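Participant: Sending over a structure as structure tokens; questions will come in a sec.
What follows draws every value from the coordinates through simple rules; no lab data is involved. Keep in mind that this is a model prediction, so the values were computed, not measured. FYI the Cβ positions are ideal-geometry reconstructions off the backbone, even for glycines, and counts take in every protein chain you see.
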Amino acid sequence: MKKVLLIIGILFFFNSCNTDKKYDCVTVSGTNIMVNNKPYLIKGVCYHPVPKGSPNQRSWTTLTQDLALMKEAGINTIRVYAPIIDETVLDEINKAGIKVIIGFGYNQGGNHDIESGSFINYINKYKNHNAILMWEFGNEYNYHPEWFKGDIKNWYTAMNTAAALAHKNDTNHPTTTAHGDLPNTIALKLSPNIDVWGMNVYRSVRPETIFKEWKAVSVKPMYLSETGADSYMQIAKDGYAQGVNEKAQAEATAIILKAIFNDKAVCSGVTLFSFTDGWWKAGNNNVQDPGGTAPNSTGVPFDGSPNEEYWGIVDIDRHKKEVFSIVKNIYLNTN
């Protein structure tokens, strides 16, 4: 009986909000993410600011500049793949009026990770910070059963347990995950404690095709935790020239974003991949290289090839690409 009451209490909380709190209250209601009892539409971007020459080590030295560009583009949410441990960074993000989806990895050597359970220390420290939107567990782990003794059910069980612990310690923020495309029946059955399902969807310029599929299997909120296009054409195709091609990225992104926001009854928005180019992903970290690999990403517009260092809406020096004006126009004109 106590277990049933606990579950009912969690469900009740995530449909109500005490607006007397000094920080924003994030809940879920039906298919909506709610902030202070009002529907919240994610107009976001994935953010992993790694400087030139760095081996995947984030730096916040460009944060002020980056936030100004984000605000200009109408971005209201950023998604990070690892916790932000510098509180002044969270403070500056909050001051800019932007929310953060905080991602936790499974095995990070006991550093705020799921396997050790140390992630809960981070949640307890920052659960009252106004910048936080949701707690995210894992990024496309369903593509890697080899990380979980060859059985992906081990991951879903661990994720669900982590989400339950998050609920127990923080009743002010929903739990989410970034699943590689549509979760199957096993994933949904083993993960009832995930409140909002994020999905990394690369289906060329048709990510919205997942909305009907999701509606058929769940009544929970969902959003696209990754989608988009790169600015490099591996081959010439569909009238787009081979090589660096910002036009291809811009036109693909326009199609993608318009389709996403055309179905807000199902989809709660998107964190577009990504804010800045990542030179650390393929080859020499001091130069921008074509190539790179990503699992299950043959659906990249228009060439089907994920050139991993070319996904930014700005380049590594924060110069705006053609796609920037597309994102800005759509985000600022979508309510």
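Participant: Taking 0.36 nm per residue of sequence separation and subtracting the Cα-Cα distance, how much length would be gained by fully extending the chain between Glu72 and Val244, in nm to one decimal?
Facilitator: 59.4 nm
Participant: Let me ask another. Going down the table (Lys38/Lys212; Lys264/Lys320; Lys38/Lys220; Lys237/Lys328; Lys22/Lys95; Lys127/Lys168), which pairs top 19 Å between alpha carbons?
Facilitator: Long pairs (Cα-Cα over 19 Å): Lys38/Lys212; Lys264/Lys320; Lys237/Lys328.
Participant: With each run of n ≥ 4 DSSP H residues scored as -39500 (n - 2.57), what mean residue ellipticity at 222 nm is computed for the chain after dividing by its residue count and rounding to the nearest 500 deg cm²/dmol?
Facilitator: -9000 deg cm²/dmol
Participant: So, one more: Fewest first, what order do Glu115, Glu309 take by the number of other Cβ atoms within 10 Å?
Facilitator: Final ranking by Cβ density, sparse to dense: Glu115, Glu309.
Participant: Could you state the principal axis extents of the C-alpha atoms in the chain, from the largest down, to the nearest angstrom?
Facilitator: The principal-axis extents, from largest down, are 64, 41, 41 Å.
Participant: I need the calculated FRET efficiency for the pair Gln108 and Ser325, taking r as the beta carbon distance and R₀ as 30 Å, to the nearest 0.05.
Facilitator: FRET efficiency, Gln108 to Ser325: 0.20.
Participant: While we're here: Arrange Phe275, Phe211 by Cβ neighbour counts within 10 Å, fewest through most, would you?
Facilitator: Exposure proxy ranking, most exposed first: Phe211, Phe275.
Participant: Let me ask another. Treating cross-link reach as a plain straight distance, find the aspartates and glutamates whose alpha-carbon is under 13 Å from the alpha-carbon of Lys321, omitting any fewer than eight places away in the same chain.
Facilitator: Cα-Cα hits under 13 Å: Asp230, Glu246, Glu251, Asp277.
Participant: Consider a paramagnetic label point 7 Å from the Cα of Ile85 along Cα→Cβ; state which residues of region 40-60 have an amide N under 13 Å from it.
Facilitator: Under 13 Å, as judged by backbone N against the label point of Ile85, lie 58 of region 40-60.
Participant: Over what distance in Å are the Cα centres of region 217-252 and region 274-333 separated?
Facilitator: 9
Participant: So if we plug the beta-carbon distance of Ala265 and Val217 into 1/(1 + (r/R0)^6) with R0 = 25 Å, what FRET efficiency do we get, rounded to 0.05?
Facilitator: Once the sixth-power term is evaluated, E becomes 0.95.
Participant: In addition: Output the DSSP H helices from the chain with an along-axis C-alpha extent of no less than 15 Å and a mean Kyte-Doolittle hydropathy no less than 1.6.
Facilitator: 2-13
Participant: With labels modelled as points extended 7 Å from the Cα through the Cβ direction, what inter-label distance (nm, one decimal) is found for Asn284 paired with Gln57?
Facilitator: 2.1
Participant: How do Tyr40, Tyr310 rank when sorted from fewest to most other Cβ atoms within 10 Å of their own Cβ?
Facilitator: By the 10 Å Cβ count, ascending: Tyr40, Tyr310.
Participant: Then there is this: Just name one of Gly138, Ile152, Asn36: the one whose Cα is farthest towards the positive end of the charge dipole of the chain (beta-carbon charges, Lys/Arg +1, Asp/Glu -1).
Facilitator: Farthest towards the positive pole: Asn36.
Participant: While we're on this one: Please give the charge dipole size of region 60-177, origin at the Cα centre, charges +1 on K and R Cβ atoms and -1 on D and E Cβ atoms. Round to the nearest 20 debye.
Facilitator: So the magnitude is around 320 debye.
Participant: For region 13-137, just say rounded, prolate or oblate: build the C-alpha gyration tensor, square-root its eigenvalues into a ≥ b ≥ c, call rounded for a/c under 1.5, and beyond that prolate if a/b exceeds b/c, oblate if not.
Facilitator: In terms of gyration-tensor shape, oblate.
Participant: Could you work out how much longer the chain between Thr185 and Ala236 gets when fully extended? Use 0.36 nm per residue separation minus the Cα distance between them, nm to one decimal. It would help to have the intermediate numbers written out before the result.
Facilitator: Working: separation 51, 0.36 × 51 = 18.36 nm, distance 3.88 nm.
Length gained, Thr185 through Ala236: 14.5 nm.
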